[in-house]
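Taking it in order: structure first as structure tokens, then the write-up.
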Amino acid sequence: MKTTDAKAPAGLPTPGDALIAALERPRYEVLPLGGIFDNVLSHIPPAVKITVTASPSRGLEPTLRVAEDLAARGYPAVPHVAARLVRDRDHLKELMLRLHAAGVRELFVIAGDARHQAGEFADAAGLLAAMGEVRGLFEDVGISGYPESHQFISDETTIAAMFEKEPMATYIVSQISFDADVIATWVHHVRERGTFLPIWIGVPGAVTRRKLVRASLRIGLGESARFLRLQRGWLRRIGLRRRFTPTSLLRELAPAIADPAARIAGIHVYTFNELERTERWRLQLIDRLKNQEVQP
């Protein structure tokens, strides 16, 4: 019996139903590179929330422009605001007012990977605290969580940072892990520590093996490009397959997604801009899961 076939107690969704629901309302993360706006328009329906990463080498402007353009076309766009790329409180207020005027109603706040901060803010907590009354212009503000160890920050520090940021945020997005047990254990520990914000589980999209290798080696593309470099044994997990999909990972995670105590909001898909393949994979998996549900 597959994990998605397990029965749930009366009144609760089955793991299969919970996984279908999560797949039907994903978040897609994109990199603000050339052509990404047209790529989104061509392959992703406007109901899908699109988050736009921030690059330490390119600065915030490409992120802001892509988010503004997507919002103008009716997409719920979520720019990453990297604290280390914001000069000061005036700069922060300026960009927040700009995004609000463009129709953006949600932000994702990270420290960012810039080796040298642009000014006042060294971390996400400092920037969140500096938002002041302008924070009220945005319905949601997300923060990062780390199922796997961070390359530059100790586990103890990331845990402490989560507590510090929690009162100013409305949800958590986890960094990529290829290990369902690691993710589920991390979620359990987060809840044990008394953090109850909804969690979006970070998974890779349908990405070619070559793209994964190339993305893992690139440094200047912000958060997304770093994830795969941090995974222990990820090449072994992918093996010699030409394309990776998170299908097996999600099936293993289905019980956790269905568990009310876990408070899983859904899945956050790191697409590496492979939008056509990822959207095709998502729709096909939904169809397979639904057919599985109706079979006698």
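Numbers at a glance
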{"item": "Some residue of segment 145-152 being surrounded by 15 or more Cβ atoms within 10 Å (Cβ to Cβ), touching a Gly at 6+ places or on another chain (Cβ under 9 Å) and in contact (Cβ under 8 Å) with a residue 24 or more places away in the chain", "result": "yes"}
{"item": "Members of segment 12-27 that are touching a Lys or Arg at 6+ places or on another chain (Cβ under 7 Å) and outside any helix (DSSP H, G or I)", "result": "THR14, PRO26, ARG27"}
{"item": "Filter result for the condition that a residue is touching a residue at least 40 places away in the same chain (Cβ under 8 Å), surrounded by 18 or more Cβ atoms within 10 Å (Cβ to Cβ), under 24 Å from LEU249 (Cβ atoms) and charged (D, E, K, R), over GLU24, GLU29", "result": "GLU29"}
{"item": "Residues being touching a strand residue (DSSP E or B) at 6+ places or on another chain (Cβ under 6 Å) and of a type outside the set (Gly, Ala, Ser) - total across segment 66-84", "result": "8"}
{"item": "Residue within segment 72-89 that is surrounded by fewer than 20 Cβ atoms within 10 Å (Cβ to Cβ), under 18 Å from LEU107 (Cα atoms), touching a residue at least 40 places away in the same chain (Cβ under 8 Å) and in contact with a Gly (Cβ under 9 Å, 6 or more places away or on another chain) present", "result": "yes"}
{"item": "Qualifying residue in segment 105-127 (condition: farther than 16 Å from ARG84 by Cβ, surrounded by 16 or more Cβ atoms within 10 Å (Cβ to Cβ), touching a helix residue (DSSP H, G or I) at 6+ places or on another chain (Cβ under 8 Å) and of a type outside the set (Gly, Ala, Ser))", "result": "no"}
{"item": "Those residues of segment 166-202 which are of a type outside the set (A, V, I, L, M, F, W, C) and within 17 Å of the chain's Cα centre (by Cα), in sequence order", "result": "GLU166, THR170, TYR171, SER174, GLN175, SER177, ASP179, PRO198, GLY202"}
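Read the figures in this text as sums done on the coordinates, not as results from a lab. Here the structure is a predicted model, which means the values were calculated and not measured. Glycine also receives a Cβ, built like all others from the backbone with ideal geometry; neighbour counts cover every protein chain displayed.
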